[in-house]
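This report concerns only the one structure given below.
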Amino acid sequence: MNVNDGGRRRFEDNEHTLRIYPGTISEETIYCPIPARKNSTAAEVIDSLINRLHLDKTKCYVLAEVKEFGGEEWILNPTDCPVQRMMLWPRMALENRLSGEDYRFLLREKNLDGSIHYGSLQSWLRVTEERRRMMERGFLPQPQQKDFDDLCSLPDLNEKTLLENLRNRFKHEKIYTYVGSILIVINPFKFLPIYNPKYVKMYDNHQLGKLEPHIYAVADVAYHAMLQRKKNQCIVISGESGSGKTQSTNFLIHHLTALSQKGFASGVEQIILGAGPVLEAFGNAKTAHNNNSSRFGKFIQVNYQETGTVLGAYVEKYLLEKSRLVYQEHNERNYHVFYYLLAGASEEERSAFHLKQPEEYHYLNQITKKPLRQSWDDYCYDSEPDCFTVEGEDLRHDFERLQLAMEMVGFLPKTRRQIFSLLSAILHLGNICYKKKTYRDDSIDICNPEVLPIVSELLEVKEEMLFEALVTRKTVTVGEKLILPYKLAEAVTVRNSMAKSLYSALFDWIVFRINHALLSSKDLEHNTKTLSIGVLDIFGFEDYENNSFEQFCINFANERLQHYFNQHIFKLEQEEYRTEGISWHNIDYIDNTSCINLISKKPTGLLHLLDEESNFPQATNQTLLDKFKHQHEENSYIEFPAVMEPAFIIKHYAGKVKYGVKDFREKNTDHMRPDIVALLRSSKNAFISGMIGIDPVAVFRWAVLRAFFRAMVAFREAGKRHIHRKTGHDDTAPCAILKSMDSFSFLQHPVHQRSLEILQRCKEEKYSKAINLDKFCVITYPFGNGNQEHPTPGWDIDGIGSLTSVNF
Ligand SMILES: Nc1ncnc2c1ncn2[C@@H]1O[C@H](COP(=O)(O)OP(=O)(O)OP(=O)(O)O)[C@@H](O)[C@H]1O
């Protein structure tokens, strides 16, 4: 049996050992190893446990799965398969259990009323408790300073006291702090025992601010506000890369599904569980800041019945970073899924998909190696480790985990093969290279024609058509069809654009399929009134060594979000004080309206000038820059580098960022050329031809902005609510948002429109549902280095200086 093949079969057939921790049910046992297979159910495992540990058979037991930091517990249904759940855990958790307390199975006793008896606290909690007792008895130093869990209650609020308060709280492992209804999170980069069921219970139905700040409190307030006011809610998460946004989103989603299910895993939770690793494999990558960085923004909406029971959910994605597919910066990688596939595919799959080693693909091997030592006689480039594997990563295990997760969200083996075949086609496409035919003219040829049959086989398109599409452009003028050869650089752009479009269409298709699995049929019953809570996990402000169009869009979106924070927190709040006759000195804040106008105001905003230049065939990077200069030379929010550099600098609220204009026009109108669309639509493979039909034109910029429109409307409505409250026209409780979000809802997205068309075929009634938003906000901050596997040394918080650029 070969190694690769063996991996999958091992998982399918072999016996696994589950370690079950019985806790107080059997105090003398730390854990009990129980053999089980992939399809062994929780009920069978519990039976074995009862026999092994001689437990009281008259009592009722359940298995609880603990995963992620802090020991959130998910109760398994009797028919759930623990091994399948275990295989979704990261490899570290499977191998290194003694230190990996985050993932395990616990045995819990069920009370007569059906509730779960959680028994004593887990070992880590005992340590914390012990420490608290020692402190009380004076054996350990008491915390010196009083801290404030809401920055608004600081007696003297200024930058210094604000940072000191956060630092002080962080030193005492308090990573959460409120600013009114906003929650600030500081990434601890270490396990904290604050996410277990005790905390779920503790924060159930409590007014915000009554207990120590916590992410559960935010979820809880949103949940109960939704139920009481019958209004949909929205939680916005923002922060820089590596600050813990995804982690916070996971805590929220877990809590939001847990609240309604009293601890029992539902089908929806099962699908959300499977959707996570799938989205992560296709949408996450190693970056210089985070080994598992999400390269797309997402909006996850959990739908509830009016009674508060989870109905279904849906995911909307924003701006997948397509450029990563064809080029990665130093010390960064392409999307995880490529490495998983190349490491984990079986021999049969390797030959069917024509797979090679990662270093043989242009899209994976461009890692720029920086010279480590530089001297005349010793110019060394290569002592740096490659970037194909990340420390602690087991790509084969990750591939198995991905396959299982795909199975859980309903991808049949045939579909999985089609997806992997398409991934291979994309990699081979990237290997196609061009040369000039002759020195005299510009016409080009393909240097390695042997790659063409492989790509044509994998995409199931005719080889001649593929060749034509890669080297020539077809243009139709009045009554005439012109075939013009591409120039060398143009051909490379077309090849890359085809690869990017294929990958992004695949990602859209995956999200579309996940949504089908997540949307419950009850969601579509017109007489079932649904409510929802949305969590928006959006990219934070970015400033890298090289910033391009992606950073420009992301930072503009953040600029708009900041604008609405300003509106809400400063302007409206101060207006309210004034009208209520409270003596008040206005606080100065950085008003970023001018920066937003510079970028987006019609007719001369940078985005409008960019649109003009994108549609003008003779335009170049220089003409674009000249246009920017000509219109905005006097504007203090834009600068141009002193040396001749094709770049411009924007003075954002969070600092100056330099953007290189290279590829701005192409990325702004980044869409598949019609001849490429025609080629892919001609594929004999219905999976590929159908997928291309979904969304041929990339709605790049508007996709990212739409995410911010959600936030924008939420905050604008917050403003209206303030005014209404004063004029007495609105009797809803604070924070109610009335505005219908129809026009910005996911229903507008082409992928979802398609999804709905299909669903509507099953349902005659039109699916019409207003999406209203209430508002909550979570802001996350990283401390130390995002790549740290271990906590910040010495629990140091000097990095708190990084907060200074943020103004609330
Ligand atoms: N509450 C937390 N407790 C402990 N560790 C955390 C917490 N939040 C985040 N981390 C750690 O920080 C790492 C980075 O977090 P995460 O991936 O959520 O960041 P992010 O803001 O989503 O980054 P990106 O924008 O690059 O996707 C996680 O892998 C985890 O190790």
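The values are calculated or read from the model by the stated rules, or taken from the named source; none is laboratory data. Since the structure is predicted, the reported quantities are computational estimates derived from the model, not experimental observations. Reconstructed Cβ throughout: ideal geometry from the backbone, glycine too, with neighbour counts over all protein chains shown. Calculation scope for accessible area: heavy atoms of the full protein, side chains included, ligands and nucleic acids excluded. Shrake-Rupley method; radii C 1.70, N 1.55, O 1.52, S 1.80 Å.
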Show Asp149, Asp626, Asp537 ordered by accessible area, largest first, where the area counts protein heavy atoms only and the probe is 1.4 Å. Asp626, Asp149, Asp537
Name the residue farthest towards the positive end of the dipole of the range 556-689 from the options Cys595, His563, Leu609, assuming +1 on Cβ of Lys and Arg, -1 on Cβ of Asp and Glu, about the Cα centre. Leu609
Count charges around Lys627 for me, please; just the other residues with Cβ under 12 Å from its Cβ, Lys/Arg as +1, Asp/Glu as -1. -3
Quickly work out the Thr389-to-Asn158 label distance, labels modelled 7 Å from Cα along the C-beta direction, and quote it in nm with one decimal. 5.5
For the full complex of protein chains and a 1.4 angstrom probe, list Cys60, Cys81 by accessible area with the highest value first. Cys60, Cys81
Residues whose modelled amide H sits under 5 Å from the amide H of Arg473, counting only those 5 or more places away in sequence or on another chain, are Leu484, Tyr486
Relative frequency of Cα-Cα separations exceeding 20 Å in the range 539-663, percent: 49
Using θ = phi - 60° and the Karplus form 6.51 cos²θ - 1.76 cosθ + 1.60, what ³J(HN,Hα) does each residue of the range 180-192 get, whole Hz, x for Gly and Pro? x, 8, 9, 10, 9, 10, 10, 5, x, 6, 7, 5, 10
Long-range amide H partners of Cys60, meaning residues 5 or more apart or on another chain whose placed amide H is closer than 5 Å, are Lys110
Once each part is reduced to its C-alpha centroid, what is the distance from the range 156-188 to the range 314-364 in angstrom? 40
Are there any GluC sites (Glu not before Pro) in the range 595-646 that are in a DSSP loop and have at most 12 other Cβ atoms within 10 Å? List them by number. Glu633, Glu634
Under a point-charge model restricted to the Cβ atoms of Lys and Arg (+1) and Asp and Glu (-1), what is the dipole moment magnitude of the range 404-489 relative to its Cα centre, in debye to the nearest 20? 200
Label-point separation, Lys198 to Glu645 (7 Å along Cα→Cβ), nm: 5.4
Which of Lys500/Lys667; Lys627/Lys651; Lys322/Lys481; Lys57/Lys110; Lys245/Lys667 have a Cα-Cα distance over 21 Å? Lys322/Lys481; Lys245/Lys667
Between the DSSP loop rule and a limit of at most 10 other Cβ atoms within 10 Å, which trypsin sites (Lys or Arg not before Pro) in the range 583-691 are left? Lys684
